[in-house]
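A.B. asks: Could you have a look at this structure, given as structure tokens, before my questions?
The values are calculated or read from the model by the stated rules, or taken from the named source; none is laboratory data. Since we're looking at a predicted model, the values are computed, not measured. Note: ideal-geometry Cβ built from the backbone for every residue, glycine included; neighbour counts use all protein chains shown.
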Amino acid sequence: MGTSIELSAADGHKFAAYRADPAGKPRGGIVVIQEIFGVNRHMRRATDGFAADGYVAICPALFDRAERGVDIGYGPDDIAKGRDIRGKITWDQTLADMAAAIAEAKKLGKVGVVGYCWGGSVAWRAATQLSCAAAVGYYGGMVAQFAGEKAKCPVMLHFGEKDASIPLSDVEKFKQAQPQVPVFVYPADHGFNCEDRKQHDPAAAKTARARTLEFFRKHVG
């Protein structure tokens, strides 16, 4: 369903993105934010899914600044590689690339952002630092770190109570700092939305997706 496009950030950096278009008139745009594993099969599938739901969906290759074409799996070596690449990219660079992706999607109307894992943290920061209509984050491990920032748009977050990498105390810290943000905790592990991970939880993924789509219908179109 999707195609590869090239985007340009304000600092001149050119990077790839995976774009999927709906069959009919777009309801708006959705920027899908990758995990630390690059624009891999799971991210392309998620992007295709939002296109099937009526949105122009764009998944920017946010790792292109450090290494182009990152597309890896979920084994221990993949996790180590993904973390290493993530460490080479600054927040300013990530947000500059997100701004370019949002600007591209805005050509079709209002824009929502949705991110998974590292992308879940990026989604929250996009909501506080950039201009979008709505933001959804799945198991973003750094949201507590930035819990004091003020969102410029409605935000929804999803977490798994069995997620050893994100203490529930961090989730509670965020909830106390941002009581207006709906935060859902599922009886699931980190990565529960990803069909390619052993932690995949179909029930939690289905419920979270239904909530996410209802949220985007309300705030994006």
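A.B. asks: Regarding Val143, is this residue of a type in the set (Val, Ile, Thr), part of a loop (DSSP other than H, G, I, E, B) and buried (at least 16 other Cβ atoms within 10 Å of the Cβ)?
C.D. replies: yes
A.B. asks: Give Ile79, Ile58 a once-over and let me know the one that is in a strand (DSSP E or B), without any contact (Cβ under 8 Å) to a residue 60 or more places away in the chain and not aromatic (Phe, Trp, Tyr). So that I can check it myself, show each step before the final result.
C.D. replies: Working: Ile79 fails: in a strand (DSSP E or B).
Matching residue, one of Ile79, Ile58: Ile58.
A.B. asks: Another question, then. In this structure, does Gln176 turn out to be of a type in the set (S, T, N, Q), at pLDDT 95 or above, in a loop (DSSP other than H, G, I, E, B) and surrounded by fewer than 19 Cβ atoms within 10 Å (Cβ to Cβ)? Even if it seems obvious, please write down each step before you answer.
C.D. replies: Details: of a type in the set (S, T, N, Q): yes; at pLDDT 95 or above: yes; in a loop (DSSP other than H, G, I, E, B): no; surrounded by fewer than 19 Cβ atoms within 10 Å (Cβ to Cβ): yes.
No: the conditions fail for Gln176.
A.B. asks: Restrict the check to the range 57-80 and report whether at least one residue is hydrophobic (A, V, I, L, M, F, W, C), in contact with a Leu (Cβ under 6 Å, 6 or more places away or on another chain) and buried (at least 22 other Cβ atoms within 10 Å of the Cβ). Steps first, answer last, please.
C.D. replies: To start, the set of residues in the range 57-80 that are hydrophobic (A, V, I, L, M, F, W, C) comprises 57-59, 61-63, 66, 70, 72, 79-80.
In the following step, the residues that additionally are in contact with a Leu (Cβ under 6 Å, 6 or more places away or on another chain) were identified as none.
Scanning the range 57-80 turns up no residue that is hydrophobic (A, V, I, L, M, F, W, C), in contact with a Leu (Cβ under 6 Å, 6 or more places away or on another chain) and buried (at least 22 other Cβ atoms within 10 Å of the Cβ).
A.B. asks: Moving to a separate point now. Please specify each residue of the range 1-27 satisfying the condition of being at pLDDT 95 or above, surrounded by 15 or more Cβ atoms within 10 Å (Cβ to Cβ) and either of a type in the set (Asp, Glu) or more than 17 Å from Ala123 (Cα to Cα) (or both).
C.D. replies: Leu7, Ala9, Phe15, Ala16, Tyr18, Arg19, Ala20, Asp21, Pro22, Pro26, Arg27
A.B. asks: Given the conditions (1) in contact with a His (Cβ under 8 Å, 6 or more places away or on another chain); (2) over 22 Å from Met43 (Cβ atoms); (3) not acidic (Asp, Glu), which single one is not true for Thr128?
C.D. replies: Of the numbered conditions (1) in contact with a His (Cβ under 8 Å, 6 or more places away or on another chain); (2) over 22 Å from Met43 (Cβ atoms); (3) not acidic (Asp, Glu), the odd one out for Thr128 is (1).
A.B. asks: Between a first residue in the range 203-221 that is under 13 Å from Gly109 (Cα atoms) and acidic (Asp, Glu) and a second residue that is buried (at least 19 other Cβ atoms within 10 Å of the Cβ) and modelled with pLDDT of 95 or more, which pairs have beta carbons less than 9 Å apart while being 6 or more apart in sequence or on different chains?
C.D. replies: none
A.B. asks: Going by the conditions given, is Val122 closer than 23 Å to Ile166 by Cβ, of a type in the set (Val, Ile, Thr), in contact (Cβ under 8 Å) with a residue 60 or more places away in the chain and in a strand (DSSP E or B)? Break it down into steps so the answer makes sense when it comes.
C.D. replies: Numbers: closer than 23 Å to Ile166 by Cβ: yes; of a type in the set (Val, Ile, Thr): yes; in contact (Cβ under 8 Å) with a residue 60 or more places away in the chain: yes; in a strand (DSSP E or B): no.
In short, no.
A.B. asks: Would you please name the residue that is nearest to His219 (Cα to Cα), looking only at residues in the range 1-55 that are among the β-branched types (Val, Ile, Thr) and touching a residue at least 40 places away in the same chain (Cβ under 8 Å)? Please lay out each step first, then the result.
C.D. replies: First, the residues of the range 1-55 that are among the β-branched types (Val, Ile, Thr): 3, 5, 30-33, 36, 39, 47.
After this cut, where a residue has to be touching a residue at least 40 places away in the same chain (Cβ under 8 Å) as well, the list is 5, 30-33, 36, 47.
Working: Ile5: 26, Ile30: 11, Val31: 14, Val32: 16, Ile33: 18, Ile36: 27, Thr47: 18 Å.
Checking each candidate, the answer is Ile30.
A.B. asks: Taking the range 87-104 as the search range and keeping residues that are in contact with a strand residue (DSSP E or B) (Cβ under 8 Å, 6 or more places away or on another chain) and farther than 14 Å from Cys153 by Cβ, which one is surrounded by the fewest Cβ atoms within 10 Å (Cβ to Cβ)? Reasoning before the result, please.
C.D. replies: Taking the range 87-104 as the starting set, the residues that turn out to be in contact with a strand residue (DSSP E or B) (Cβ under 8 Å, 6 or more places away or on another chain) are 97-98, 100-102, 104.
From what's left, farther than 14 Å from Cys153 by Cβ: 97, 100-101, 104.
On the way: Asp97: 26, Ala100: 22, Ala101: 28, Glu104: 20.
Checking each candidate, the answer is Glu104.
A.B. asks: Next up: What's the number of the only condition in (1) over 20 Å from Pro26 (Cα atoms); (2) in contact (Cβ under 8 Å) with a residue 60 or more places away in the chain; (3) assigned to a loop (DSSP other than H, G, I, E, B) that Cys132 fails to meet?
C.D. replies: (1)
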